[in-house]
Amino acid sequence: METDLKKIVGQRLQLLRIENNLTQEQMGEKLHLSTSAYCKIEYGETDLTLTRLDKIAQIFNIPAVELFEKIHGNTSFNCCQHFADTAPHNNTPNTGTNDDLRELIKSNSRLIEMLGKRLDQLESRIM
């Protein structure tokens, strides 16, 4: 479950990076990380600190709260409710896996759509 959350956050950050026309190398430089260290963030292989998330928000020139909203995937992010929804409960079956999978699929779909648009832009410049 924790790994799924890291992957979802990483994919959302990847979408924001692409929307802002930044490369992974540029993000790494702005965060004072190697490109491979930044890639680990997008691949969900590393934990993010609040300080690092705040720095990422600064790079995108948005308030940290807005970054959290974009990561969460909607504009009415209620962090208290989110943590209540995702906190483990005793004797409660884990039903979040399907929701996590849906979120992962939606994220990937948006990424594919954005990459398609970007390809169209690049192709139109070549012609």
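The values are calculated or read from the model by the stated rules, or taken from the named source; none is laboratory data. What you are looking at is a predicted structure, and each value in this text was computed from that prediction instead of being measured. Note that each Cβ is placed from the backbone with ideal geometry, even for glycine, and that neighbours are counted across all protein chains shown. SASA here: full protein model, heavy atoms, side chains in, ligands and nucleic acids out. Shrake-Rupley method; radii C 1.70, N 1.55, O 1.52, S 1.80 Å.
The single condition among (1) of a type in the set (D, E, K, R); (2) open to solvent by 40 Å² or more (accessible area, probe 1.4 Å); (3) at pLDDT 90 or above; (4) part of a helix (DSSP H, G or I) that Asp85 does not satisfy is (3). Filtering region 1-60 to residues that are of a type in the set (Ser, Thr, Tyr) and farther than 28 Å from Gln121 by Cα leaves Thr3, Ser34, Thr46, Thr49, Thr51. Got a sec? Which of Ala64, Ala57 is modelled with pLDDT of 90 or more, surrounded by 12 or more Cβ atoms within 10 Å (Cβ to Cβ) and of a type in the set (Gly, Ala, Ser)? Only one candidate qualifies: Ala57. Going by the structure shown, is Glu113 part of a helix (DSSP H, G or I) and modelled with pLDDT under 85? Judged against the criteria, Glu113 is a match. Taken over region 25-36, the residue count meeting the criterion of being within 13 Å of Ile56 (Cβ to Cβ) and open to solvent by less than 70 Å² (accessible area, probe 1.4 Å) is 4.
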